[in-house]
Amino acid sequence: MQRYFVEPEQMRDNQVIITGEDANHIVRVMRMKPNEKIIVSDGVSRTALARISESEPASVVAEIVEWLPRNSEPAWSITIAQSLPKGDKMELVIQKGTEIGAMAFLPFQSKRMIVQYDGKKEAKRLERWSKIAKEAAEQAHRHRIPIISQVHSWRELLKAAEGFDLVLFCYEQEGHAAHGRGIGTAVKEWRSKQEEMGKADEKANSPKVLLVVGPEGGFAEEEASQAEEAGAICVSLGKRILRTETAGIVGLTCLLYESGEMGGA
């Protein structure tokens, strides 16, 4: 069944109004008629099964049939902080990360990134990324669209990390070290620390996690040191070198497994 996101004010007690590209998609692409059903979410707190009552390319009106449970969102709020990759790799990270369950994306600049950042193109790029996240969220039957932050500098990223319960810094040197720490180990150590601090129930069950991924050239040693000083835990994603667009997807999947969503915990 087709799923669409609307602004909260477009959804009333018994009716929802869909406009813009989504209305055009319903009428001209899907060729849906009155009495056909769709799923609509306000991306915040309400998702409903609705029956189309009026169908025009500029505006579709649907009557709410029933409110649906919001049970497809992960308990862990995971943000992927991705150093800007070249080409359209960021689009892949956002698309697949949204499908898997990321709650937000934070693009940032780092020392060894290959792409030349152009602030003048940021608004257009954010618009494109947001559209990809919306479409992926609809396809995956998410109840919310992940937030995509503006591009951060390295210092801004370290500052933003202070607002998270757990920060994992994906560092290839950790995978080469004899004492290398994987995500599973890091999560277990963090959980133990939460228990010692008496925060197990609140933090360990629904933490805010930041997963930091480097660019094609990897992180510099000084960046790893600065990240650790800021409270991040350096982790390995295995002994093999992953592409930058692969690393975040693998790390996100590992975290959702550790959360119990995919059979772990």
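The values are calculated or read from the model by the stated rules, or taken from the named source; none is laboratory data. Values in this document were obtained by computation on a predicted structure and should not be read as measured data. Backbone-built Cβ (ideal geometry, glycine too); neighbour counts: all protein chains shown.
So is LYS203 modelled with pLDDT under 95, more than 22 Å from the chain's Cα centre (by Cα) and either exposed (fewer than 14 other Cβ atoms within 10 Å of the Cβ) or over 15 Å from GLY182 (Cα atoms) (or both) or not? It is false that LYS203 is modelled with pLDDT under 95, more than 22 Å from the chain's Cα centre (by Cα) and either exposed (fewer than 14 other Cβ atoms within 10 Å of the Cβ) or over 15 Å from GLY182 (Cα atoms) (or both).
Being surrounded by fewer than 15 Cβ atoms within 10 Å (Cβ to Cβ), under 14 Å from the mean Cα position of the chain (by Cα), more than 20 Å from TYR4 (Cβ to Cβ) and in contact (Cβ under 8 Å) with a residue 40 or more places away in the chain is a property that holds for ALA75.
In this structure, does SER149 turn out to be of a type in the set (Ser, Thr, Tyr), more than 30 Å from LEU68 (Cβ to Cβ) and at pLDDT 95 or above? Criteria not met by SER149. Report yes if some residue within the range 19-26 is farther than 17 Å from ILE145 by Cβ, of a type in the set (A, V, I, L, M), assigned by TED's automatic domain parsing to the domain that holds THR253 and buried (at least 19 other Cβ atoms within 10 Å of the Cβ); otherwise report no. Among the residues of the range 19-26, not one is farther than 17 Å from ILE145 by Cβ, of a type in the set (A, V, I, L, M), assigned by TED's automatic domain parsing to the domain that holds THR253 and buried (at least 19 other Cβ atoms within 10 Å of the Cβ), which makes the answer no.
Exactly one residue out of ALA62, ALA104 is assigned by TED's automatic domain parsing to the domain that holds SER45, closer than 30 Å to GLN15 by Cα and either in contact (Cβ under 8 Å) with a residue 12 or more places away in the chain or not hydroxyl-bearing (Ser, Thr, Tyr) (or both), and it is ALA62.
For every residue, the table says whether it meets (1) at pLDDT below 95; (2) assigned to a helix (DSSP H, G or I); (3) in contact with a Lys or Arg (Cβ under 8 Å, 6 or more places away or on another chain); (4) crowded, with 17+ Cβ neighbours inside 10 Å.
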residue: ARG112; (1), (2), (3), (4): yes, no, no, no
residue: GLN116; (1), (2), (3), (4): yes, no, no, no
residue: TRP129; (1), (2), (3), (4): no, yes, no, yes
residue: ALA137; (1), (2), (3), (4): no, yes, yes, yes
residue: ALA161; (1), (2), (3), (4): no, yes, no, yes
residue: VAL167; (1), (2), (3), (4): no, no, no, yes
residue: GLY184; (1), (2), (3), (4): yes, yes, no, no
